[in-house]
Every structure is written in C-alpha cells, then in structure tokens.
1. I'm checking my understanding of the structure. Among residues of region 181-220 that are free of Cβ contacts under 8 Å to residues at least 40 places away in the same chain and in contact with a Lys or Arg (Cβ under 8 Å, 6 or more places away or on another chain), which one is farthest from SER271 (Cα to Cα)?
2. Just the residues that are more than 23 Å from ILE344 (Cα to Cα) and either part of a strand (DSSP E or B) or in contact with a helix residue (DSSP H, G or I) (Cβ under 6 Å, 6 or more places away or on another chain) (or both), please, taken from region 268-286.
3. For region 311-391, which strands (runs of 3 or more DSSP E) that fit wholly inside it have 3 or more residues that are among the aliphatic types (A, V, I, L, M)?
4. Looking at region 287-305, can you tell me whether even one residue there is touching a helix residue (DSSP H, G or I) at 6+ places or on another chain (Cβ under 9 Å), touching a residue at least 24 places away in the same chain (Cβ under 8 Å) and not in a loop (DSSP other than H, G, I, E, B)?
5. Report, by residue number, each residue of region 250-266 that is open to solvent by 10 Å² or more (accessible area, probe 1.4 Å), in a strand (DSSP E or B) and either closer than 21 Å to ASP37 by Cβ or not aliphatic (A, V, I, L, M) (or both).
6. Quick one: in region 146-178, of everything that is in contact with a helix residue (DSSP H, G or I) (Cβ under 6 Å, 6 or more places away or on another chain) and of a type in the set (S, T, N, Q), which residue is surrounded by the most Cβ atoms within 10 Å (Cβ to Cβ)?
7. From the list TYR26, TYR75, which residue is crowded, with 18+ Cβ neighbours inside 10 Å, farther than 23 Å from TRP140 by Cα and of a type in the set (Ser, Thr, Tyr)?
8. Collect the residues in region 102-120 that are in a strand (DSSP E or B) and open to solvent by 30 Å² or more (accessible area, probe 1.4 Å), keeping them in residue-number order.
Amino acid sequence: MSWHPQYRSSKFRHVYGKAASKDKCYDGVPITRNVHDNHFCAVNPHFIAVVTECVGGGAFIVIPIQQTGKLDPHYPKICGHKGNVLDVKWNPFNDFVIASCSEDASVKIWDIPKHLLTRNITNPKKELLGHVRKVDLIEWHPTANNILFSSGYDYKIMIWNLDTREAVISNPVKVLDAHKDVVLSMSFNTDGSLLATACRDRKIRLIDPRAGTVLQEASYKSHKVNKVLFLGDMKKLFSTGTSRWNNRQIALWDQNDLSVPLLEEDLDGSSGLLFPFYDSDTCMLYVAGRGDGNIRYYEISPEKPYLNYLMEYHSHLPQKGIGMMPKRGLEVSACEIFRFYKLIPTKSLIEPISMIVPRRSESYQEDIYPLTTGAQPALTAQEWLNGFNKGPLLVSLRPGSGAVNSLPQFHEAEPLRKTTDLSQHRGQGGRLPLADMQKRSEMEDSRKQLQPEKKLRKNEQTHLSNGFDLSECPPPKTENELLQMFYRQQEEIRRLRELVNQRDIQIKQLELELKNLYMDIGSY
C-alpha cells in the first residue's frame, strides 16, 4: 500500500502580497460611484485608466504609470461619451490605444498621446455604433490585431474589425445572438478560437465566435454564475457566483463537458462580487472580492484536487474595482509575479499590490518567469476572420531582451556587402563549399546578436523609463517628490549597471567565438 504525503511541493507556496507605500499610490482620483459589476480600471506598462465620477456624461482619466502621488484636481479627462462609462480596455498590442463603452450604446476607440495630457480629449479615433441599448462589456481578441468584442443590454455580442479607415463603423463583421439575457462576462481561450460567456440566465456558454454556434452550455441549478474565465491551456473553465443559499461560490468546469462542475466550493456569506484572475505562466488563480479587501490565491493543477489553496492577502480597505498589470510591466528584479491596482473610492486612492515570490538572490529567476505573451499580434484581423488560429507570440522577460515594447519593431536591412563577400569565396561551379557555408552562417548569427549601439540605447530607455523621456516627466514640486525622483534615478542607475555588465559578458563571449571561427577558417 503506497503512502501519499499530505503536503505538496510548490515554488509558489510562500507567495505574499505587498501593498505599495503611500508615495507610490495614486491619490485624489475621483473614482466612479457606479454600481455596475465591472473592474472600472485598465492597466498597461505605460498608463493606468480609471473610470471617474463625472457630471453631464461619462469620462475616464489616463495617468502615466510613473506619475504617483497626489493627482491634480483639474487633471485632463477623456470625456466623449454622453452616458456613464461602464468599461475600459487597453489594446494588448498598442499601449497607446484604449477602447471604452458606455450607457449611450456606443463603443469608442481613443488614441492616447505619448506626452502628458494638457487638455481634455473629446474626439475619438473611431466610433462603433451597432448596439441599441447600453454597452457594458468590451474585450480585445488575444492574438488577432484590431478585433474587438462588445456586449450590451440588447443581449447581443458584436465583433468589430477596426482595420478600416472609417471613423464611424456601423456594421459589425458578426453578431452573436445566442443569449436570452444580459451577458455578465466574456473570456477567450489562449488562441482566441473559443469564447466563454456567463449570462444572467445562470448559464455558461462555450461559443465558436466566427461560426456563431454554441458548442457547450451549462445549466447547473445550484450555481448562479457571475464571472467565467478560461484557464489557459488546461482545457478548463473557472467561474465565480453564488449558491442556492446566496453564499459566494467558485466552480471548476471541464471545457468539453459543462453538465456538472469538476469542483464546487462555498467561500463565505458576503454579498460582493468575486473577480477571478488567472496567470497561465505560473498556473496561479487569484480571486478578489468587491466590497472587501481580501485576495485569495490558488494554484491550478491538471489532476485532482485541481484547486490548491495557497494563501490570502488581507487588507482593511475595501476595493470597488481592480486592475491587472500585464506580465511585461512587472518588476522582475524583485521577483514580482503579479500586480493588482486596487480602487478605494472611500479614500479616492489607487493602491498597487505586488504578489512576490520570496527569493534572496537579485538575479533573474528564470524558473518563475517562463516565456510569456508578448505585445505583438500573431494574426491580422482578416486572417483570423478567414479562419486561421494561432497562439500568442511569446517573449522573455529577462532584462535587456527588448520584449517590453508594444509598438512594431522595424529591423534594419542587411547591407549588400555580405552577399558580395560570399561571392568572393565561392568554389568551383560557383557554389560555396559546405564547410564554409556552415562557418559563414555561424558568423552571421553571431554578428546579428551584436546590435547597433543606437538600438541598445533605445531599448534601455524603453526598459528604464517605461517609454517616457525623463524630460517629459513633471518636475518635482515638493521635497517628497524630489526624494522620490532621486530614488527612481538610483534604481535606474543600478539597473543600467546590471545591463552593462550583461552586455560586456555577451560581447566577450561573441568575440571569443569570432576569434575561434577566424582561426578555423585560416587553418582550413
């Protein structure tokens, strides 16, 4: 008879939550008082967008991520909607484009300038007009560029192709009308070929968005679903909701069989909505409750018991909404694996909360930072509409890899001199000998790894200053802000030294390889 221990080994067993200090929070933010069941917050490595309280229409503000501290009461807003803004989402492939939806039944796409805002923005880049009632949910496609999903109180989900020159788009490329009530939540699988929805009629639906057909439908009576989430490549769904006795409840489902949940667990008797967040890189699941300050986190496994409770972050300040920083915006030198932005309307405060793996070493921890989703699309909008599926493009978070930029990268053309050099070493019959061809290809690979000095400076600036020139940052007005700026500069100097040391090691290795290759060619 085999004996199984009651404990399980995990590198994330001791993950803890760390709230930012007061000077690193965002104070004086007029957070909306709307009671809608949304996050009201969207974050990327450059900006944080928050829906605000506004008279005479809807508005939200966009704050540069490094502009912490007290917010100017007259800070400019994005205020082009005629009704309350219900949801905002950043384009995953362009950190300077954001979508918003409102009670005025419209969806608007906005261009955010790279410099600091000096006046209100009222004219959107594009306007999507198709819903006849208020729009409460929007989601960008995870792998295809410029594909946006919107859901409204007309019980319809509309798919929009933004790859057009029209400023006003009235005809979506597809309308999904499989729901009999309001859609409460939408979630995509990894390659965006499937869409999971939670509806007010208590049903979870698994939909093929291009065909518009419902593949699976869950009508489990004892679980009233509010939010649903795909768990990466696990082929499982996670949902939060309430039980028959109005207890807050979580459930785990098999993607291919939604008749009965794999796991069902009551959490507590509170009434606040539960927001789920999943990190596919670490297989960790976070559950944050609206109206309380706690964040529970679990580790997901493909086999029973599936859901392994790790710990709970406690806070006495209740959260109204919560935003999530993409992986490419985390502080890898501090072993930060997740970061929340907690909205506290009672104090007009946005508080960052970092989830940290305790490690003594300050070097890059490759085991907790596998290749993660990058900021480049895997497909164009038309390719996805034509039926192609492709997973996200993965990048490394190692400092100096240049993977944090969300704008297209243009590679310099190779000089023609390399071709002429190859032609001078051709053997008989005008062909290059196999040995020389292999050695030449190795030399070319090593040359490509040596990037121009200009590109190094550009990548360092992107990594160290989050895409902003230091000259564009607001000058310090108080002694506290001056100290904060000083500490940031010290941190940038430390990172820069580490980056220079890494580059020096790479250069020495490449010089040694080139020397060996030249010696081999000379002896040959």
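1. Filtering region 181-220 for residues that are free of Cβ contacts under 8 Å to residues at least 40 places away in the same chain and in contact with a Lys or Arg (Cβ under 8 Å, 6 or more places away or on another chain), the one farthest from SER271 (Cα to Cα) comes out as GLY212.
2. Scanning region 268-286 gives ASP279, MET284.
3. 336-344, 349-356
4. no
5. So the first thing to find is which residues in region 250-266 are open to solvent by 10 Å² or more (accessible area, probe 1.4 Å), and the list is 254-257, 259-266.
Restricting the remaining residues to those that are in a strand (DSSP E or B) gives 254, 257, 263-266.
Of everything in region 250-266, those that are open to solvent by 10 Å² or more (accessible area, probe 1.4 Å), in a strand (DSSP E or B) and either closer than 21 Å to ASP37 by Cβ or not aliphatic (A, V, I, L, M) (or both) turn out to be ASP254, ASP257, GLU264, GLU265, ASP266.
6. Top of the filtered list is ASN146.
7. The unique qualifying residue is TYR26.
8. First, the residues of region 102-120 that are in a strand (DSSP E or B): 102, 106-111.
Across region 102-120, the qualifying residue is only ASP111.
The values are calculated or read from the model by the stated rules, or taken from the named source; none is laboratory data. These numbers come from a predicted model, not from an experiment. FYI the Cβ positions are ideal-geometry reconstructions off the backbone, even for glycines, and counts take in every protein chain you see. Side chains included, ligands, DNA and RNA excluded: accessible areas come from the protein's heavy atoms. Shrake-Rupley method; radii C 1.70, N 1.55, O 1.52, S 1.80 Å.
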